[in-house]
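First the structure, in the form of structure tokens, and then the observations on it.
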Amino acid sequence: MANPEEANPLLQPRPDVNPNPGGSSSPAVVKRPARWTANEPPIGRGSVVGEPVARNQWSSGLFYCLGRNDEFWSSDLEVCLVGSIAPCVLYGSNVERLGSGHRWFENSCFPYATLFMLGHSLFGWNYLAPWFSHHIRTAIRRKFNLEGSFESLARTCGCCLGVLEDEEALEQMETACDSLTHYFCHPCSLCQEGRELRRRLPHPGFIGKAIWVMMPPRAQTMGRGT
């Protein structure tokens, strides 16, 4: 049975099934499972020469709301304000930037806002929206090969190091940590993801190319020069 988590359009499926189920005469080759990124080739734990591939770090921490003001619409202050006042807008913008357009904003902002209001009406707090939005954190982590919360904690404390060698078990733990981060630190998680995407990907609606304007020639007149 397929994993329901992989049905999310933001996540690329991980084909772990043998491409030749019927068997063949060629000897079987044992390969370590690879980490699949969103819309990109898999990233393994080691390079072709056997050296470990280091994880990339997040450009800002989970609670670094007010950090730097570097580019247009990349200000930490603006992201923090939007994430606090209108989290549905920030989530829709993050999904649109990660998905390269194609009406991602309409398909994510409105459902998020509906679940946000329904959660506050039924439970008194934002209980349903994190269930809908935590997949984007997993997609960002896979796309840029970022270090997850579980891996960072395991390396800091020196515990559960055996899980780090098993890609499948590590990915399950990281996905669970992504869900817990969205449930217990939802606004901070959205802001961190927004800062990360704005510093790594241009907005699909922003034109970064120079525009050349052709000016018509001035009217020519004939007359005697002095």
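For the reader, a short list of remarks on this structure follows.
- Tally of residues being hydrophobic (A, V, I, L, M, F, W, C), open to solvent by 90 Å² or more (accessible area, probe 1.4 Å) and either within 13 Å of PHE184 (Cα to Cα) or part of a helix (DSSP H, G or I) (or both) across the range 118-133: 3
- The number of residues in the range 138-173 that are open to solvent by less than 10 Å² (accessible area, probe 1.4 Å) and under 23 Å from GLY83 (Cα atoms) comes to 7.
- The residue that is farthest from HIS134 (Cα to Cα), counting only those in the range 153-174 that are without any contact (Cβ under 8 Å) to a residue 60 or more places away in the chain and within 19 Å of the chain's Cα centre (by Cα), is LEU170.
- Unique residue being under 21 Å from the mean Cα position of the chain (by Cα), closer than 26 Å to ALA54 by Cβ and without any contact (Cβ under 8 Å) to a residue 40 or more places away in the chain when the list is PHE132, PHE150: PHE150
- Within the range 104-116, the presence of a residue that is of a type in the set (Gly, Ala, Ser), out of contact with any Asp or Glu (no Cβ under 9 Å at 6 or more places or on another chain) and open to solvent by 50 Å² or more (accessible area, probe 1.4 Å) is excluded.
- Filter result for the condition that a residue is touching a Pro at 6+ places or on another chain (Cβ under 9 Å) and modelled with pLDDT under 75, over SER100, SER75, SER47, SER25: SER100
- Selection within the range 179-198 - among the aliphatic types (A, V, I, L, M) and in contact with a Lys or Arg (Cβ under 8 Å, 6 or more places away or on another chain): LEU197
- Filter result for LEU170 (at pLDDT below 85, part of a helix (DSSP H, G or I) and more than 30 Å from VAL89 (Cβ to Cβ)): no
The values are calculated or read from the model by the stated rules, or taken from the named source; none is laboratory data. These numbers were taken from a predicted model, which means no experiment stands behind them. Neighbour counts are summed over all protein chains in view; Cβ atoms, including those assigned to glycine, are modelled from backbone coordinates with ideal geometry. These accessible areas exclude ligands, DNA and RNA; they are computed on the full protein's heavy atoms, side chains included. Shrake-Rupley method; radii C 1.70, N 1.55, O 1.52, S 1.80 Å.
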